[in-house]
1. Among the numbered criteria (1) out of contact with any Gly (no Cβ under 8 Å at 6 or more places or on another chain); (2) loosely packed, with under 15 Cβ neighbours inside 10 Å; (3) outside any loop (DSSP other than H, G, I, E, B), which one does residue 109 miss?
2. Looking at 88, 143, which is the one that is surrounded by 15 or more Cβ atoms within 10 Å (Cβ to Cβ), aliphatic (A, V, I, L, M), at pLDDT below 90 and more than 22 Å from residue 40 (Cβ to Cβ)?
3. Looking at 45, 78, which is the one that is surrounded by 14 or more Cβ atoms within 10 Å (Cβ to Cβ), touching a Pro at 6+ places or on another chain (Cβ under 6 Å) and in a helix (DSSP H, G or I)?
4. How do the pairs read when you match residues in region 146-160 that are without any contact (Cβ under 8 Å) to a residue 40 or more places away in the chain with residues anywhere that are surrounded by 16 or more Cβ atoms within 10 Å (Cβ to Cβ) and among the aromatic types (Phe, Trp, Tyr), using Cβ under 8 Å and keeping only pairs 6 or more apart or on different chains?
5. Which ones in region 115-140 are among the β-branched types (Val, Ile, Thr) and modelled with pLDDT of 95 or more?
6. Might you let me know whether region 48-55 holds any residue that is surrounded by 13 or more Cβ atoms within 10 Å (Cβ to Cβ) and either charged (D, E, K, R) or in a loop (DSSP other than H, G, I, E, B) (or both)?
Amino acid sequence: MSVPGIQETIAHVRELQQAVLERRRFKGYSGRIRITMGFFALVAAAVMASPAVPESNRWHVIGWGIVFIVAFVLNAGAVIWWFWKDPVTRRDVRVLKPTLDVIAPIAVGGLLTAAMILNRQYEYLFGIWMCLFGLTNMASRMVLPRAIWWVGAFYIAAGAICLLAPEMNFQNPWPMGIIFCAGEVVGGVVLHYDGTRNVHTNAREGVERNERTVA
């Protein structure tokens with residue numbers, strides 16, 4: 001086989017590999033929403049740290065509950081919008097299977113949160129939440145960009161520090177706000193950049209194929 005023929009074969013193999021990767025990649029999560037929620041958590045922390053919010057564990061639980069509900073609704077809405085509007089999905093429910101991977105960590109997180117609140121052990125909540133956010137990122141590492149694994153590791157490391165830190169004060173919202181903001185902004189940038197890169201890569205490969213066809 002001639003050198004040009006070998007190069008064309010290698011290029012074809014790379015295209016097949018990219019196609020397989022694209023079919024496995026889950027596109028339903030929105031990078032922009034993750035970035036938005038990161039900053040929303042930071043704003044929520046600032047509000048809870050202000051004199052406007054009573055120094056009460058109950059009010060801080062409500063505050064973080066609002067953050068979680070808003071994040072859940074926006075992310076679920078993004079997935080539904082993508083599923084309904086993206087022609088690639090063909091509205092096939094099987095493409096939503098990756099969302100099932102995050103259900104277990106969220107459910108366990110809810111159970112542990114309830115147990116800690118019922119036992120008035122609020123000081124463990126930040127560490128538990130961070131670790132479970134890390135697990136949800138790692139659970140999706142096979143269908144999302146590889147860098148998501150590092151976001152998950154960051155959350156788990158931060159959660160471990162909070163769990164082992166002596167006398168963690170739940171009424172100080174800054175640790176959770178800062179860690180969540182950093183993790184979600186980085187995760188959102190990873191998702192957004194990956195989607196943009198894939199668009200440019202596919203467009204460039206299409207042009208190259210057309211040029212080879214014309215030649």
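The values are calculated or read from the model by the stated rules, or taken from the named source; none is laboratory data. Everything numeric in this text was worked out from a predicted model, so none of it was measured. Every residue, glycine among them, receives a Cβ derived from its backbone with ideal geometry; neighbour counts consider all protein chains shown.
1. Of the numbered conditions (1) out of contact with any Gly (no Cβ under 8 Å at 6 or more places or on another chain); (2) loosely packed, with under 15 Cβ neighbours inside 10 Å; (3) outside any loop (DSSP other than H, G, I, E, B), the odd one out for residue 109 is (2).
2. Just a single option satisfies the conditions, and that option is 143.
3. The unique qualifying residue is 45.
4. Close Cβ pairs satisfying both conditions: 152/133; 155/133; 159/126; 159/129; 159/133.
5. Hits for region 115-140 are 117, 128.
6. For region 48-55, residues surrounded by 13 or more Cβ atoms within 10 Å (Cβ to Cβ) and either charged (D, E, K, R) or in a loop (DSSP other than H, G, I, E, B) (or both): present.
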